[in-house]
Amino acid sequence: MGDRGPMDPPVELSRRGFLKACAAAPLAAGGSGMLTGEAQAMSSGVSHYPNGLQARPINVQGGEKFVAIQVGGVSFVDEGIDRVLDILQEQGGVNALMLAVFTYGRGIAGRQVPGQPLPDHGVQQYDSASFHGGSYTANHQQYYSGSVFKDFRAPDLGDFDLLEAVIPKAKARGVVSYCWLEDVYNARFIPNFEKVAELDVYGRTTGEACLHNPEIRSFLGSLVEDYTKSYPIDGLMWGSERQGPLNNAIGSRHGGFRGRASITCFCEHCMKKARERGISVERAREGFVELDRFVRSAYQGHRPADGYFVTFWRLLLNYPEILALEKLWTDSQHEIYGLIYGTVKAINPGVRVGWHIWHNNSFSPFFRAEQDYSKLSKNADFLKVVIYNNCGGPRMAEYVRNIQSTILRDVSPEQVLALNYGIMSYGKEPELNSLPAAGLSADYVARETKRAIAGVESNVAIYPGIDIDIPTASDQKKTRPEDVGAAVAAALEAGAPGVVLSRKYSEMRLANLAAAGSAVKRFQRQG
Ligand SMILES: [Zn+2]
């Protein structure tokens, strides 16, 4: 199999992690103001944790799989910590928690989203309309003295501290705990957010954080420093479901998109970086305004004489700055990987660090081109590659309709889908009219797992994200136990050393969770 699983000896993890931390340190130093303590930890090579609390491998013998689940604080508050751990272990075969510790979104925190059926466990009520989000731990102010954000504790669960409450109980059961945080903010709830906000091509402030902004880099460094130093965590995963201005402009994604407001970022920090790369900022701005004009005209069905695709490609030829700025954006995101990796490893090389790779990687060849697994594996111990096959059906259909409505408008959505299956190396998957209700197959899970394993260094673990009851529209694919069983089996048979059950326990039905546990057990019996 070759992938490094959780059973490898900790000394190996530490040594390799330390070397990687050294390699990542220059990135970490850029813009983060909290390095003094880490530099000490790094030079002494000693963690402040007593040995018993060191991050450690699980399931030392027997080649057992890493079976993680994403779970937010509300489930532990609603159902009780021991009760939730009992269910996760007994039914899901879970041995790792991805604790949703920082987000302003409902995708990974909070109860079931309103409008979707409540699952068969937990409080049978939706969150109040005032769902807030933030950090589900105490804020240790010593880490944020120079930070742009100081008040970001999630008020939703009162004084409940997710990491403090859950980690000791999980550890006592041999279950490891990872912090799970994502690049999702709510500008309305965060004083000073405008200081870090992206600016669109028209100079308007957006609700997204600029990943080149030194203040957000410093904040993220402080946040992961706080988590790593304040709690005996075993790992940390960050996710950023975003992309650059070219992909955004042409609608190269599933789901809804924000149109012109997502043609970002043109803030002073990004423009400075652009100039340092020799990119003409004026030409870049002009090119994106032209691209925006082209896309809006396409939406209105005004076909250029040479067709949509040729006209789009001509824009890229006339304004190569469009591609240069797309790359600049993606590099900013990947520099954050280096920052987080270097910061955590310098504090405790035994803490495993990895990334949640957005589902758009399964749909958009444009986004996929930016997710170079061999490069991503330079600053990661693991990658959770989202390979959700159930909601993958409706999402693939959304992607096809989005991209067909702009640059691929010369051909039909059905033709775009057939082309996409070919480009993305998928096998026999449903046609467009049945795709949203059918979902993608377990074969898709196997193919994407193999591709990721082939793409990374052999010592970086690939943990496919498996979807369980991720909300879809009422006439779209719903998760069934046999779907979960087949997807988990496909991932493991393709060589994955583990899986991450997603998106959050509070939306999963127990029969589907149990199907994951049974599939892992079946696989291990066979193996
Ligand atoms: Zn910017």
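The values are calculated or read from the model by the stated rules, or taken from the named source; none is laboratory data. Computed from a prediction, not measured in an experiment: that's the story for all the values here. Reconstructed Cβ throughout: ideal geometry from the backbone, glycine too, with neighbour counts over all protein chains shown. Only protein heavy atoms, including side chains, enter the accessible area calculation; ligands, DNA and RNA are left aside. Shrake-Rupley method; radii C 1.70, N 1.55, O 1.52, S 1.80 Å.
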On a straight-distance basis, which lysines could pair with residue 378 in a cross-link, Cα separation under 27 angstrom, same-chain partners fewer than 8 positions away excluded? 20, 65, 229, 272, 273, 327, 345, 450
How many percent of all Cα-Cα pairs in region 290-334 sit more than 14 Å apart? 56
The FRET efficiency for residue 272 and residue 202, from their Cβ-Cβ distance with R0 = 22 Å and rounded to 0.05, is 0.70
Residues of region 107-149 with backbone nitrogen within less than 17 Å of a virtual label 7 Å along the Cα-to-Cβ line of residue 83, please, listed as ranges. 111-112, 118-127
For region 333-416, what ratio Rg/Rh do Cα atoms give with a Kirkwood hydrodynamic radius? 1.13
With labels modelled as points extended 7 Å from the Cα through the Cβ direction, what inter-label distance (nm, one decimal) is found for residue 164 paired with residue 480? 4.7
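Between residue 286 and residue 423, what length comes free when the chain is fully extended (0.36 nm per residue of separation minus the Cα-Cα distance, one decimal in nm)?
Here the segment from residue 286 to residue 423 would lengthen by 46.2 nm.
Expressed as a fraction of 2.2 N^0.38 Å, the rule-of-thumb size for a compact globular protein of N residues, what is the C-alpha radius of gyration of region 364-477? List each step's numbers first, then the result.
Values: Rg = 14.9 Å, N = 114, 2.2 N^0.38 = 13.3 Å.
Compactness ratio reported: 1.12.
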Going by amide H atoms built from the backbone, whose H comes under 5 Å of the H on residue 480, apart from near neighbours? none
Note: residue 150 to residue 438 extended length (0.36 nm per residue) minus current alpha-carbon separation gives 99.1 nm
Considering every pair of different Cα atoms, what Kirkwood radius, in Å, is found for the chain? 23.5
Leaving out ligands, DNA and RNA, and with a 1.4 Å probe, what % of the accessible surface on the chain is carbon or sulfur? 54
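Given Cβ point charges of +1 (Lys, Arg) and -1 (Asp, Glu) and nothing else, what value in debye, to the nearest 20, does the dipole of region 455-527 about its Cα centre take? Write out the running numbers ahead of the final one.
Working: 9 positive and 8 negative charges, 52 e Å.
Dipole about the Cα centre, nearest 20: 260 debye.
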Span from the region 308-360 Cα centroid across to the region 220-280 one, whole angstrom: 8
Counting other Cβ atoms within 10 Å, keep those with at most 12, restrict to DSSP loop, and tell me which trypsin sites (Lys or Arg not before Pro) in region 392-437 are left. 428
Rg (one decimal) and Dmax (whole number) from the Cα set of region 95-233, in Å, equal 16.3, 54
In nm², the average projected area of the convex hull spanned by the Cα atoms of region 451-527 is 5.8
Region 457-527: GluC sites (Glu not before Pro) in DSSP coil with no more than 16 other Cβ atoms inside 10 Å: 457
With the crude spin-label approximation of a point 7 Å out along Cα→Cβ, what separation in nm comes out for residue 300 versus residue 431? 3.5
Got a sec to turn the phi values of region 109-116 into Karplus ³J(HN,Hα) couplings, 6.51 cos²θ - 1.76 cosθ + 1.60 with θ = phi - 60°, whole Hz, x for Gly and Pro? 10, x, 7, 3, 6, x, x, 9
HN-Hα couplings for region 371-379 via Karplus (6.51, -1.76, 1.60; θ = phi - 60°), in whole Hz with x for Gly/Pro, come out as 9, 7, 4, 5, 6, 4, 6, 5, 10
In region 346-365, whose amide N lies under 13 Å from the spot 7 Å out along Cα-to-Cβ of residue 140? List them in ranges. 347-348
Convex hull per residue volume in Å³, alpha carbons only, for region 61-167: 137
Grab the DSSP H runs of the chain that are 4 residues or longer, score each as -39,500 (n - 2.57), total them, divide by all residues and round the 222 nm result to the nearest 500 deg cm²/dmol. -13500 deg cm²/dmol
Only loop residues by DSSP count here, and only those with at most 15 other Cβ atoms within 10 Å; note down the GluC sites (Glu not before Pro) in region 108-198 that meet that. none
Given the Cα-Cα distance of residue 331 and residue 113 and 0.36 nm per residue of separation, how much length would full extension add, in nm? 75.2 nm
Cα gyration tensor shape of region 248-306, rounded if a/c is under 1.5, else prolate or oblate by comparing a/b with b/c: oblate
Please report, in debye to the nearest 20, how large the charge dipole of the chain is about its Cα centre when each Lys and Arg carries +1 at its beta carbon and each Asp and Glu carries -1 there. 600
Please list, in order along region 172-187, the HN-Hα scalar couplings obtained from phi with the Karplus expression 6.51 cos²θ - 1.76 cosθ + 1.60 (θ = phi - 60°), rounded to whole Hz, x for Gly and Pro. 4, 9, x, 9, 8, 10, 10, 6, 10, 10, 9, 7, 10, 10, 10, 4
In nm, the gap between the two label points placed 7 Å beyond Cα toward Cβ at residue 369 and residue 172 is 5.4
On average, how much area does the Cα convex hull of region 186-305 cover when viewed from any direction, in nm²? 10.2
Under 5 Å from the placed amide H of residue 494, counting only residues 5+ away or on other chains, we find none
Among 349, 304, 254, pick out the residue whose Cα is farthest towards the positive end of the charge dipole of region 193-349, where Lys and Arg carry +1 and Asp and Glu carry -1 on C-beta, about the Cα centre. 304
The long-range amide H neighbours of residue 239, using H built 1.01 Å from N in the peptide plane and a cut-off of under 5 Å, are 181, 182, 183, 356
